[in-house]
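A.B. asks: Below: one structure in structure tokens.
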Amino acid sequence: MEATPMLDARLLNAAPDYALARFGGVRPDAPDWYERLREAPVEQLRTTVEGASIEVLAWGERGRPGLLLVHGNRAHAHWWGPIGPLLARDYRVAALSLSGMGGSDWRDRYSSALHSAELFAAIAAAGLGDGPCAPIVIAHSFGGMVAANALRDRARTLGGTLFVDSLLLPAAMRPSARITERDVGDYPDRASALARFRLSPTQPSSAPYMLHDAACAGLIEEGARWRWRFDPFLVRKLDMDDPWPAIVDPPCPIAFVYGEQSALATPAILAAQRAGLAPGTPFVGIPGAWHHVMFDQPFALVAAIRAFAAEWLAPQRRSA
């Protein structure tokens, strides 16, 4: 089968949008609801997987049903911004930084198996399995590949997996990889680094206060210089298994949520995903959202997560 040209031209041709450059390093004004969520209690946890220390954030009371948030490529746990605190009203919620990104260690080599092990280690460290139900994974973009391979490894320990704007396709239909190495930068001050922050794929800027906080959490000062915290050679050092077979006949519920304006959720991509998965697999588009749904429409994303979590966990609660 020939590969199909599926990616939106916006992904291939759009110029980078350095949305924070105009603020000169100053944090943009944020609405009151967002500031209140930023003040919500958060646990800073660490867990070790095959010699690498992994960063984990956690919100909410232990003993509640667990939700794990998994970020995309070159992102980190803080990318989930207010999503964790919003969900923590009803759930025990955690977000991890995969090795090679955020506050987690770098490795000489990365693999699907290692990232899957980190996912389950974060579940254990945050106590997401301590409640009455098996935990649910919510995975964005590249994180969807990690979550899919986790389904292959230990799916029966999960209550479901929600893929958020993830480019999961049969191998024969997958577009050629365009993710390349990216320099971590060498900036004289934080403002200079923030001025070069951009989302990938490029999209219209939304909620600059969220972008600012996510960008700051992805920076580190070394001496008198600043750089991004991701491993610039992550892609070169990554051995990624094909994630598609794991979701064709999954042993736990799965669903897809996507931004209706996303360059990674074209009609061709969605049609290929629907055609290859079990009939009735849910697909929910979020109006007004691009690829980075958590920045574009955080309340709509939380509503979708709550709806799927309630549906998937209800049978477990009845049988408990």
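The values are calculated or read from the model by the stated rules, or taken from the named source; none is laboratory data. All of these numbers come straight from a predicted model, not from anything done at the bench. When we count neighbours, we look across all protein chains shown, and the Cβ atoms used for this are built from the backbone with ideal geometry, even at glycine. When the accessible area is computed, the model is the full protein with side chains, heavy atoms only, and any ligands, DNA or RNA have been set aside. Shrake-Rupley method; radii C 1.70, N 1.55, O 1.52, S 1.80 Å.
A.B. asks: Figure the gain on full extension for Asp153 and Ala191 (residue separation times 0.36 nm, minus the Cα-Cα span) and round it to one decimal in nm.
C.D. replies: Between Asp153 and Ala191, full extension yields an extra 9.5 nm.
A.B. asks: Describe numerically, in nm with one decimal, the distance between label points set 7 Å from Cα along Cα→Cβ at Ala171 and at Arg62.
C.D. replies: Output for this residue pair reads 4.2 nm.
A.B. asks: If you don't mind, another one. How big is the accessible area of Val293 in square angstrom, nearest 10, if you roll a 1.4 angstrom probe over the protein chains?
C.D. replies: 0 Å²
A.B. asks: Dividing the convex hull volume of the alpha carbon atoms of the stretch 85-139 by its residue count, what do you get in Å³ per residue?
C.D. replies: 91 Å³
A.B. asks: On to the next question. Tell me, what is the per residue accessible area of the chain in Å², probe radius 1.4 Å?
C.D. replies: Accessible area per residue, the chain: 42 Å².
A.B. asks: While we're here: Using only the Cα atoms, work out Rg/Rh for the chain, with Rh taken as the Kirkwood radius, to two decimals.
C.D. replies: Working: Rg = 18.6 Å, Rh = 19.8 Å.
Checking Rg against Rh, the ratio lands at 0.94.
A.B. asks: Please list 3J(HN,Hα) in residue order for the stretch 38-50, calculated via the Karplus relation 6.51 cos²θ - 1.76 cosθ + 1.60 where θ = phi - 60°; whole Hz, with x for glycine and proline.
C.D. replies: So the Karplus estimates, Gly and Pro as x, are 5, 8, 5, x, 9, 8, 9, 10, 9, 9, 10, 10, 6 Hz.
A.B. asks: Considering only protein heavy atoms and a probe of 1.4 Å, how much of the accessible area of the chain is carbon and sulfur, as a whole percent?
C.D. replies: Here it works out to 52 percent.
A.B. asks: Here's something else I'd like to know. Using all Cα-Cα distances in the stretch 154-303, what percent lands in each 5 angstrom bin from 0 up to the longest?
C.D. replies: 2, 8, 15, 15, 17, 17, 13, 7, 4, 2, 0, 0
A.B. asks: Quick test of the membrane-span-like rule: which DSSP H helices of the chain reach at least 15 Å along their long axis (C-alpha atoms) with mean Kyte hydropathy at least 0.5?
C.D. replies: 112-125
A.B. asks: Answer rounded, prolate or oblate for the stretch 1-147, using the Cα gyration tensor with square roots of eigenvalues a ≥ b ≥ c: rounded when a/c is under 1.5, else prolate when a/b is larger than b/c, else oblate.
C.D. replies: It comes out oblate by the Cα gyration axes.
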